[in-house]
Amino acid sequence: MAVKLSERAAQEVERFRKEHDFGDDMVLRIEVAGGGCSGFEYKLNFDDKFDETADSKYESFGVAVVVDKKSALYLDGTTVDWYESLEKQGFTFENPNAVKTCGCGSSFQA
């Protein structure tokens with residue numbers, strides 16, 4: 001399995017890339033780091049580095065997504081979506097590996 005972006009999430013990534021003048025060589029890096037109220041938290045960044053031995057690379061709706069192999073253990077099968085309402089907006093994570101998530105939506109337990 002892979003890490004996927006929904007079509008709406010891919011549109012937001014592309015909007016952000018253009019707004020900040022990031023070139024096509026910049027990929028979206030998704031990572032898992034220790035922290036947050038449930039033990040792990042998601043990190044999204046743009047990166048111009050890709051190491052074939054340390055990273056996996058996927059593509060969703062024309063957006064290159066890179067995940068390091070350690071994070072891939074926790075993210076396999078995850079879909080990143082974009083949520084927007086009057087109260088808040090941002091990326092959401094549908095992670096089948098999470099056994100518990102925090103109300104904030106950016107922290108999980110595996």
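The values are calculated or read from the model by the stated rules, or taken from the named source; none is laboratory data. As the structure is a prediction and not an experimental result, all values here were calculated from the model. Backbone-built Cβ (ideal geometry, glycine too); neighbour counts: all protein chains shown.
Scanning region 62-97 for residues that are surrounded by 18 or more Cβ atoms within 10 Å (Cβ to Cβ), in a loop (DSSP other than H, G, I, E, B) and touching a helix residue (DSSP H, G or I) at 6+ places or on another chain (Cβ under 8 Å) yields one hit, N95.
Among the candidates G39, G62, the residue that is among the small types (G, A, S) and closer than 24 Å to V99 by Cα is uniquely G39.
Among the residues of region 17-61, just one is touching a helix residue (DSSP H, G or I) at 6+ places or on another chain (Cβ under 7 Å), assigned to a loop (DSSP other than H, G, I, E, B) and within 15 Å of V3 (Cβ to Cβ), namely F61.
Figure legend. Inter-residue proximity from region 25-41: first residues among the acidic types (D, E) and surrounded by fewer than 20 Cβ atoms within 10 Å (Cβ to Cβ), second residues outside any loop (DSSP other than H, G, I, E, B) and at pLDDT below 80, beta-carbon distance below 6 Å, spacing 6+ or different chains. Indicated pairs: E41/G35; E41/S107.
Are any residues in region 73-97 of a type in the set (A, V, I, L, M, F, W, C) and touching a residue at least 40 places away in the same chain (Cβ under 8 Å), and if so, which ones? Residues satisfying the conditions are L75, V80, W82, F91, F93. Could we say that E59 is without any contact (Cβ under 8 Å) to a residue 12 or more places away in the chain, exposed (fewer than 14 other Cβ atoms within 10 Å of the Cβ), acidic (D, E) and closer than 15 Å to T79 by Cα here? Taking the combined requirement at face value, the residue satisfies it. The set of residues in region 1-16 being farther than 12 Å from E59 by Cα, part of a helix (DSSP H, G or I) and in contact (Cβ under 8 Å) with a residue 40 or more places away in the chain consists of R8, A9, Q11, E12, V13, E14. Does F50 satisfy being among the aromatic types (F, W, Y), at pLDDT below 95 and surrounded by fewer than 17 Cβ atoms within 10 Å (Cβ to Cβ)? Considered against the rule, which asks whether it is among the aromatic types (F, W, Y), at pLDDT below 95 and surrounded by fewer than 17 Cβ atoms within 10 Å (Cβ to Cβ), F50 comes out as yes. For region 68-78, the criterion of being in contact with a Phe, Trp or Tyr (Cβ under 9 Å, 6 or more places away or on another chain) and charged (D, E, K, R) is satisfied by no residue at all. Take region 42-97 and flag every residue that is polar (S, T, N, Q) and under 25 Å from G23 (Cβ atoms). Listed by number, the residues that qualify are N45, T53, S56, S60, S71.
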